[in-house]
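Here is the structure we will look at, set down as structure tokens.
Please treat every number below as a calculation from the coordinates, not as lab data. Note that the structure is a prediction, hence the values are computed from the model and not measured. Virtual Cβ from ideal backbone geometry, glycine too; neighbours counted across all protein chains shown.
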Amino acid sequence: MAGEPLLRVEDLRLHYRSGNGVVRALDGVSFDVRRNEALVVLGESGCGKSTLAKALMRLLPRNVQHFSGSLLVDGVETMDYPEERFRREVRWVRISMVMQAAMNALNPVIRVGEQVAEPLRVHRGWSARRARERTAEVFGLVGISADFLQRYPFELSGGMRQRAVLAMALVTEPDLVIMDEPTSALDVLTQAGIMNALKRIKQELGTSFILITHDVSTSSEIAERVALMYAGQLVEFADARDFFREPAHPYSKLLMASVPRLHQKETPVHIPGQPPNLLNPPEGCRFAERCPSRFDRCDRDPETFRIGERRTVRCWLHAPGARP
Amino acid sequence: MNAPARDARRSAAGPVLSARDLHTWFELRQWGFLRVGSVRAVDGVNFELQAGEAVAFVGESGCGKSSLARTLLGLHQPTRGEVVFEGRSLGTLNATERKAYLARVGFVQQDPYGALPPFMDVRRILHEPLIVHGVRNRAEREQRAREALEEVRLSPPDDFLSKFPHMLSGGQQQRVVIARALILRPAMIIADEPVSMLDASVRVEILQLLRNIQTEHGLTLAFITHDLSTVRHFAERIFVMYAGRIVEQAEVNELLNHPQHPYTQALLAAISDPDPDNALHLREVPPGEPPSLLKPPAGCRFHPRCNRMIAGTCDRDDPPDFETRNGHLTACWLYR
Ligand SMILES: Nc1ncnc2c1ncn2[C@@H]1O[C@H](COP(=O)(O)OP(=O)(O)O)[C@@H](O)[C@H]1O
Ligand SMILES: Nc1ncnc2c1ncn2[C@@H]1O[C@H](COP(=O)(O)OP(=O)(O)O)[C@@H](O)[C@H]1O
Ligand code: SF4
Ligand code: SF4
Ligand SMILES: [Mg+2]
Ligand SMILES: [Mg+2]
């Protein structure tokens, strides 16, 4: 459909049941991803990034207490699809995912090539030969020599295993690939090599990416838009250029000042305090306890305000006519 | 401390710790007895640390950083060469002297949770080294445990003394590990990737803490990391390691502003600062991966990946250290 983004998410919520009550891990998140666009989802650990990924793929653990919102693919609502239809038409078909730490979850006793071909064999029912040919092609795309098809995971370095799980996500030619912390455990040169591979794939295949990470610097290698999460919510959603150069939300500003930079004289400044517990998040702004700009309105949950054409910020400072 | 004061102290005191031609090889066996070869984890390392300075060892995983740290601590016996602390070679120390050495050098390891015994509360974790090192008076031990907790900003100490490791956040656990490393009032701290297992948001805080403690007490700090983007703020000198060797060493700003070794240059070029323009181009990354330490390449170990390799030299002869600028040492034939 012309003009519709590839993916549009409205007010997505996913809460877990736990021994101590309800964990509101994802609590009203809205954003969109366009074709051939790279969206980066940033946030410190525990803010709900992996939960967002699971919600988009509808790969839900058993203890889900609440799951709601809207998930439009090419403008078509998929939330009301029964599981069978979602699996047939969306998951691994339109949207695929590299899970957090997936590179360490490869099966040690199965050859890498076979594991990467699995989605084709299982979901598409392809013959072994056809699947093998396609797998070799995707290996080339992610920068692994075809010799590695026959190897076992332990024979591959960390960087090669990460490329292999990326190949697995790409093998079915999805429109969108979600990657949850794909390079966090890797060395800088390995990281840079993988980011190069992502950029190339994006350009050659026109794939869209959602890259989830807490690493602001590495994310800038691919980001066209940035969604910053805090305590289960989106606090800022903006073009990467605007976000990195002029962050708007108070948390975004502190986050950018806390990033170590190679050629910066000043020591990076850490953000004091801790994010709130998602079992019982505060009534008002969830960032209030750590916010240097807090004012009286902040006792109430902030609305999401639009700044200009292309940016939204969940903070009372940006309410029309606000003056703290 | 300003530079002249530091230099004055340096020349007066001489090096606290030096590594001379240090080699730590691990024998690799198949089925427990067939000798396959040796992993040359540390393979000819030389350096001197001056009293009161903070240095960083930087290198990718598997280049031998932890093996070096453990050798410096006397936990691995060097295959060749020696570690000299305050003028004495570790190899010549008897059991009592070794124990005294371990009291002089505190160790902070990578994984705080793995470093802390899960069945001990913080009080016991901090009392234990004092007991081992003969502090019999319980009140004195308690006093020192409290001081150490204050020092790492776990305060008030009463909130933490009876906690078990699993009740603490990763950052708090690492503070306890640092408190334990400090409790015997060491002259030196060796910290092996002290923040790599922690969330990005608490890393800077912990590094800052270590650095403050180091300057306040005039400790020598050897800080091991794979993250070059933070070293400027937490170390004065840098040693760059590749495949079991130190390939470049210099004062921190000198090294970051004028990297000489092609490997160091590649590392620095791969680091991104958060700039939206990064997305517009590919980064230059040397091909391939670090070599196996079982059979490292002949000559310069970086030669199979180096785009400035001099055929007939780099692939045959080991480059020695060349002084490329003042005090800046680079093991690369380009500077012959
Ligand atoms: N299956 C689950 N059951 C209960 N709580 C969970 C579950 N998965 C995650 N959580 C909690 O939800 C919150 C968000 O977790 P997660 O989405 O993993 O965050 P992130 O990926 O940003 O680190 C955390 O408080 C986490 O403990
Ligand atoms: N106790 C050991 N026995 C055998 N090999 C080891 C041992 N410790 C480390 N190694 C090997 O030595 C090399 C260097 O490892 P390490 O010192 O841990 O590097 P780093 O800390 O830089 O990641 C690796 O190849 C590793 O597998
Ligand atoms: S709403 Fe208030 S407390 Fe929250 S980020 Fe904005 S100014 Fe700070
Ligand atoms: S010695 Fe030769 S191969 Fe090694 S880094 Fe220098 S130029 Fe490259
Ligand atoms: Mg996660
Ligand atoms: Mg190590």
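Observations on the model:
- Restraint check, B:LYS65/B:LYS99; A:LYS253/B:LYS65; A:LYS202/A:LYS265; A:LYS265/B:LYS65; A:LYS54/A:LYS265, Cα-Cα greater than 30 Å: A:LYS253/B:LYS65; A:LYS202/A:LYS265; A:LYS54/A:LYS265
- Region A:35-168: C-alpha pair distances exceeding 23 Å, %: 44 percent
- Counting Lys and Arg as +1 and Asp and Glu as -1 over every other residue whose Cβ lies under 13 Å from the Cβ of A:GLU118, the net charge comes to +4.
- Where only DSSP H runs of four or more residues are counted, chain A gives -8500 deg cm²/dmol as its mean residue ellipticity at 222 nm, each run worth -39500 (n - 2.57).
- Alpha-carbon spread of region B:70-156, three principal axes, descending order, Å: 46, 30, 23
- For region B:109-173 versus region B:282-302, the spacing of their alpha-carbon centroids is 42 Å.
- Estimated [θ] at 222 nm from DSSP helical runs (n ≥ 4, -39500 (n - 2.57)) normalised by residues in chain B, nearest 500: -9500 deg cm²/dmol
- Two-decimal log10 I(q)/I(0) for region A:236-322, as the Debye equation yields it once each C-alpha is a single scatterer, q = 0.15, 0.17 Å⁻¹: -0.64, -0.80
- Pairs of Cα atoms in region B:56-120 fall into 10 Å distance bins, from 0 up to the last occupied one, in shares of 17, 44, 31, 8 percent.
- Computed about the Cα centre, the dipole magnitude for the protein assembly as shown is approximately 1120 debye when only Lys and Arg (+1) and Asp and Glu (-1) carry charge, each at its Cβ.
- Quotient of the Cα radius of gyration of chain A and 2.2 N^0.38 Å, N being its number of residues: 1.03.
- Legend: mean number of C-beta atoms from other chains within 10 angstrom of residue C-beta atoms, peptide B:225-237, equals 3.
- Comparing region B:192-336 with the 2.2 N^0.38 Å rule of thumb, its C-alpha radius of gyration ratio is 1.16 (two decimals).
- Remark: region A:33-140 carries a charge dipole of roughly 340 debye about the Cα centre, counting +1 on each Lys and Arg Cβ and -1 on each Asp and Glu Cβ.
- Test item: Cα-centred dipole of region B:208-336, Lys/Arg +1 and Asp/Glu -1 on Cβ, debye: 380 debye
- When only Cα pairs below 8 angstrom with a gap of at least 6 residues are kept, region B:184-336 shows a relative contact order of 18 percent.
- For region A:125-212, alpha-carbon Rg and Dmax in angstrom: 12.8, 39
- Of A:ILE110, A:SER70, A:GLN100, farthest towards positive along the dipole that unit charges on Lys, Arg, Asp, Glu beta carbons give region A:70-180: A:ILE110
- The spacing between region B:239-272 and region A:35-110, judged by their C-alpha centroids, is 40 Å.
- Residue-by-residue Karplus 3J(HN,Hα) for region B:223-237, coefficients 6.51, -1.76, 1.60, Hz, glycine and proline x: 10, 9, 7, 10, 10, 5, 5, 9, 4, 3, 7, 10, 8, 9, 10
- Percent RCO, i.e. relative contact order, over chain A, from Cα pairs under 8 Å lying at least 6 residues apart: 20 percent
- Using only alpha-carbon positions in the protein assembly as shown, the gyration tensor eigenvalues give semi-axes of 43, 33, 24 Å once each is multiplied by 5 and square-rooted (largest first).
- Peptide A:182-190 is shielded by partner chain Cβ atoms: per residue, an average of 6 of them sit within 10 Å of its Cβ.
- Cα point-scatterer Debye curve for region B:149-253, base-10 log of I(q)/I(0) at q = 0.11, 0.22 Å⁻¹: -0.37, -1.27
- Peptide ranges A:69-80, B:98-109 listed from the most packed, as the mean C-beta count within 10 angstrom indicates: B:98-109, A:69-80
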